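Student: Here it is, the structure in full.
The values are calculated or read from the model by the stated rules, or taken from the named source; none is laboratory data. Not measured: the values here are computed from a predicted model. All Cβ positions, even for glycine, are placed from backbone atoms using ideal geometry, and neighbour counts span all protein chains on display.
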Amino acid sequence: MNNSVHSTVRLLGAGLRALLVLTVVCGVIYPLVVTGIAQAAFHDKANGSEIKAGGRSVGSERLGQSYDLEGKDKDGNPLPDPKYFQPRASAAGANTENTRYKLLVSGASNLSADSKVLLENVGKRRADVAAFNGVSPSSVPVDALTASASGVDPDISPEYARLQAGRVAKANGLPRDTVAKLVEQHVDGRVLGFMGEERVNVLKLNIALKKLAKG
């Protein structure tokens with residue numbers, strides 16, 4: 001009996017010591033080391049790829065955001081601001097309430113390729129984008145018509161940015177060639193020269209546009 005109690009106490013003591021050591025190692029030392037390495041080697045990314053303008057945070061390089069006017073149209077949809085380059089459509093929150101870039105849920109619409117709802121949405125977006133930018137519907141690129149898988153894509157294609165240049169220039173009272181040049185300056189190439197596609201970060205482009213309009 002005494003041996004049994006002694007063995008139990010010994011095992012409990014060993015378990016508590018292991019718990020204490022693992023708590024310190026995994027719960028304190030490891031997080032501090034990983035955080036320290038991240039802050040030293042990847043400071044910008046570790047802090048959310050934050051972008052600042054005018055001395056304040058205006059968003060993240062990795063997260064898209066909307067550029068809307070106050071109020072909504074007759075269907076209750078936000079009114080895009082013509083002075084800014086617009087991001088991709090967003091279906092984020094579509095399984096609950098579509099909040100676009102004011103997120104409750106990140107994700108896609110999950111509509112199938114042959115969904116009538118998806119086809120109707122694409123058709124409406126094509127017409128809306130063409131009318132908003134004063135271009136032919138056939139010239140609207142695919143990324144202007146479809147939402148991304150995450151719903152928070154921060155980038156658009158160079159083609160979509162170029163399509164918007166005329167409308168943005170007119171709304172800001174700037175020469176179209178100046179705005180077009182600004183777009184080309186913000187085209188990011190493929191990762192390592194061969195992965196992915198060329199892209200334009202909408203937030204960075206709009207920050208540069210705002211500076212240009214004020215200048």
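Student: Within region 176-195, restricting attention to residues that are within 18 Å of I156 (Cβ to Cβ) and among the acidic types (D, E), which residue is surrounded by the fewest Cβ atoms within 10 Å (Cβ to Cβ)?
Tutor: The selected residue is E184.
Student: For residues in region 8-56 being basic (K, R) and part of a helix (DSSP H, G or I), which is nearest to L205 (Cα to Cα)?
Tutor: Taking region 8-56 as the starting set, the residues that turn out to be basic (K, R) are 10, 17, 45, 52, 56.
Applying the additional criterion that residues be part of a helix (DSSP H, G or I) yields 10, 17, 45.
On the way: R10: 66, R17: 56, K45: 19 Å.
Among them, the one singled out is K45.
Student: Could you grab the pairs with beta carbons closer than 6 Å, sequence gap of 6+ or different chains, first residue in region 119-143 and assigned by TED's automatic domain parsing to the domain that holds P158 and surrounded by 14 or more Cβ atoms within 10 Å (Cβ to Cβ), second one of a type in the set (S, T, Y) and at pLDDT 95 or above?
Tutor: Pairs found: P141/S157; P141/Y160; D143/S157; D143/Y160.
Student: All but one of (1) surrounded by 11 or more Cβ atoms within 10 Å (Cβ to Cβ); (2) at pLDDT below 80; (3) more than 25 Å from V140 (Cα to Cα) hold for K52, so report the exception by its number.
Tutor: Condition (1) is where K52 drops out.
Student: Another question, if that's okay. Among the listed residues G71, G59, identify the single one that is in a strand (DSSP E or B), crowded, with 16+ Cβ neighbours inside 10 Å and modelled with pLDDT under 90.
Tutor: G59
Student: Have a look at A169, A161 and point out the one that is in a helix (DSSP H, G or I), in contact with a Lys or Arg (Cβ under 6 Å, 6 or more places away or on another chain) and either under 19 Å from K210 (Cα atoms) or aromatic (F, W, Y) (or both).
Tutor: Residue meeting the stated conditions: A169.
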